[in-house]
Structures are given as C-alpha cells and as structure tokens.
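The values are calculated or read from the model by the stated rules, or taken from the named source; none is laboratory data. Please read these numbers as outputs of a predicted model, since none were measured by experiment. Cβ coordinates were reconstructed from backbone atoms using ideal geometry, including for glycine residues, and neighbour counts include every protein chain displayed.
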Amino acid sequence: MSRQDELLDFMRKQIAIEKKIVNSLNKGIKDMKNPPVKGVLKGISLDSKKHAELYSAAITLLTQASRALSQENLDAQRELVEKHIKMEMDLIRKIEEIMPCVENTKTKFLLKIILSDEKRHHAMLKTVLDIIVRAETISEDDLWELLWEGSPFHGAPGG
C-alpha cells in the first residue's frame, strides 16, 4: 500500500470517527440542562462535523484534478471571504473590549473560548484568501500572459 493510499485510508477512517463523535455528542446533549456544558459539547460536535468535511475536502484534493476558478467565481469567493474577515475582526474587537468588564469566571471562560475561536477563524479566512483562492485561480490576464509568454513576437509580425 502506497503512502497516499495509507493517507486516504486514514482520512476515510477519521471521517467515520468524527461522525460517531457528532452522533454521540448530539445524543448526549439532547436533554442536557446545563447550558455552559451543553454549549461547549455542542461546539465540539460542530467542530467534529467540520473536521469530517475537511477530511473529505482533503481526499478530494488528493484524488481529483484541481480546476482553475473563473474570474467571476474568484470575485464572489473573495468578496465572501473578505466580508467574513471583517465580521470576525469586529467580533474579536467587541469581545476584547467587553472582557475586562466580565467578573463571572465561568462567563469569562466561555468568552475566552469564543474569542479563541474567532481569532482562529480570522486567521483561517486570511489563509483562504491569501493562499487557496488565489493559488487556484487563473484570471483572464493570466491566460493571456501564458498564451503570449512563449510567443517570440507576441503576435507582432516578424517571422
């Protein structure tokens, strides 16, 4: 079995495990009456669901040829990601401003979890914008540059 096959097998197994975690947690919190514990466990469940989707995306990257995005798709994705980068930054600012006013240690603990998540989301969105979207996009200008780059006379008469 090749390393790639091992990796794909690992990821497929992880998807199944993450789905079991989601089902177990969702079943366990169904009738839970403790809001903070329920919220934290629900957050872990959502993270596990996200992890399963990310494993699936990684499998797709490893098994299918990547298609370049059109300029229209790039613009829509960039706009969406930029919008959410701003939203995350606003949330981070608001939480950091309110944090010194919070005296209840349990509430402060929950706000710290949220703040940590928001900072992580912000960093991930910037990475998506800077690497994934741009790296997989070929604009019309890029296509023309590729077309004419190897042409000795760039379309001009001369031989």
Problem set entry | Number of the exception - I85 against (1) assigned to a helix (DSSP H, G or I); (2) exposed (fewer than 15 other Cβ atoms within 10 Å of the Cβ) | (2)
Problem set entry | So M32, is it surrounded by 12 or more Cβ atoms within 10 Å (Cβ to Cβ), more than 19 Å from the chain's Cα centre (by Cα) and either without any contact (Cβ under 8 Å) to a residue 24 or more places away in the chain or more than 21 Å from H121 (Cβ to Cβ) (or both) | yes
Problem set entry | Residue that is in a loop (DSSP other than H, G, I, E, B) and either in the same structural domain as K19 (by TED's automatic domain parsing) or at pLDDT 75 or above (or both), where the choices are E103, E79 | E103
Problem set entry | Filter result for M11 (over 21 Å from I113 (Cβ atoms), at pLDDT below 90 and not assigned by TED's automatic domain parsing to the domain that holds T107) | no
